1. Check off (1) within 9 Å of chain B (Cβ to nearest Cβ); (2) closer than 24 Å to A:Glu153 by Cα; (3) in a loop (DSSP other than H, G, I, E, B) for A:Ser64 and give me the number that stays unchecked.
2. Out of curiosity, is B:Lys98 touching a strand residue (DSSP E or B) at 6+ places or on another chain (Cβ under 6 Å), within 17 Å of B:Gln180 (Cα to Cα), part of a strand (DSSP E or B) and among the charged types (D, E, K, R)?
3. In contact with a Gly (Cβ under 8 Å, 6 or more places away or on another chain), more than 9 Å from every other protein chain (Cβ to nearest Cβ) and not in a helix (DSSP H, G or I): is that true of A:Thr48 in this structure?
4. State the number of residues belonging to region B:1-13 that are facing chain A (nearest Cβ under 8 Å) and surrounded by 14 or more Cβ atoms within 10 Å (Cβ to Cβ).
5. Could you list, in sequence order, all residues of region B:146-164 that are closer than 22 Å to B:Gly89 by Cα, without any contact (Cβ under 8 Å) to a residue 24 or more places away in the chain and among the small types (Gly, Ala, Ser)?
6. Is it the case, given these coordinates, that B:Glu77 is assigned to a loop (DSSP other than H, G, I, E, B) and over 30 Å from A:Ile77 (Cα atoms)?
7. State whether the residues of region A:95-103 include one that is more than 14 Å from every other protein chain (Cβ to nearest Cβ), without any contact (Cβ under 8 Å) to a residue 12 or more places away in the chain and surrounded by fewer than 21 Cβ atoms within 10 Å (Cβ to Cβ).
8. May I ask you to list pairs of residues, at least six apart or on different chains, whose Cβ atoms are under 7 Å apart, with the first in region B:107-132 being more than 9 Å from chain A (Cβ to nearest Cβ) and among the aliphatic types (A, V, I, L, M) and the second being part of a loop (DSSP other than H, G, I, E, B) and surrounded by 20 or more Cβ atoms within 10 Å (Cβ to Cβ)?
Amino acid sequence: MANTLNHKQNFLKGIIKENPVFVMLLGMCPTLGVTSSAFNGLGMGVATLFVLLMSNIVVSLIKSQVPDKVRIPAFIIIIASFVTVVEMVLEAFIPFLYEQLGIFIPLIVVNCLILGRAEAFASKNTLPASVIDALGMGLGFVFALTVLGATREILGNGSIFDVRFVTEDANTFILFILPPGAFIALSYLAVVFNRLTHKTV
Amino acid sequence: MKKKESTLVNMVLVLLVITLASGLSLGYVNDLTLEPKAKAQLAKKVNALKTVLPEFDNEPVSEVLRIKSDQAKDSIELYSAFQDNTFVGAAVTGVSEKGYNGLVKLMVGFGPDGKVNNIAVLEQKETPGLGTKMKSEKFLKQFRDIDPATFSLKPEKDGGEVDALSGATISTRAFSEAVQQAYDAYIKHKEALTQ
């Protein structure tokens, strides 16, 4: 019983208490770069979730076989392999998303969220715990990127998931689609998120 | 299980095994995705051709004419379309490097009379919400049925007749330049295309 409770806490921490984007502010490069629409944010989040899950599984499996001094290069090779797999699969089967995300797919390799979880969690914990940790953190990342993308799309383009609710020539806050809008939207969302989850702040 | 010691042999061996495994699996996935990748690219091209050309019954993709040009890095591609052996038009690629973030690549369809039939955007990296509106019906509409011989393909700001996208004059300029390039190539090679 204690064990399942632990799993539940382990899973939920990634989504709320240690949300990678809103609380820990990890992986800012894709967070700011690709979230110009809700769909892009969701796509990027899911791609990262997949890499995070696979790398956590593999790192957790081989953790006792990797000498300490070369653990970082070993983790990076594993992560880079999965990222390349994602890139090839996206190009072959979802070319539309592949074009939208562009350079940010290969850059998942250097997303510090993934290496951070491999180093801080998967290399010290069992396989089931690592899987749950990856799912929690990954879903937290997906959630944050989708919310950020949706916010920017609603304000900047007057649409959500490409469904427009203002007329074609309406004036929207284009600023939110542009790079500075990413910083502004992220900061306000982080404030709101932390206000809602940490009552004492 | 005890953690492996960081001896030289251990480190080299472990890294070797990991790189080998990752290399092999990547090669395998690459083989798997090679065919779907090529298919996806072809499908994109065929779709673009269908958008910009009137109805045709030949296979323009297999009868492509590639020519070198000093203006474009890649060769310009010309696809001619026939219906019942009559020439009904041609699709020509046009590129411009002058987009807000570099390359803008279009596919422009022309009728036998040299008028623009329709335009499809193949590649662009413009600003979302501003330059990307070059894909919108509202912007593309103005190019249909124009004859570039008499229509000045420049934004109004530069003394031309193209109604620029608001806030994206640079994107409009690149777009217009790419259309002009496609038109020039079409006129130059029309003879070869109609046969």
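1. Exception for A:Ser64: condition (2).
2. Judged against the criteria, B:Lys98 is not a match.
3. No.
4. Qualifying residue count for the region: 4.
5. Correct list: B:Ser152 only.
6. In short, no.
7. no
8. Taking only residues 6 or more apart or on different chains, the pairs are B:Val116/B:Pro148.
The values are calculated or read from the model by the stated rules, or taken from the named source; none is laboratory data. Quick caveat: nothing in here was measured; it's all calculated off a predicted structure. For neighbour counting, all protein chains shown are included, and Cβ atoms are generated from backbone atoms with ideal geometry for every residue, glycine included.
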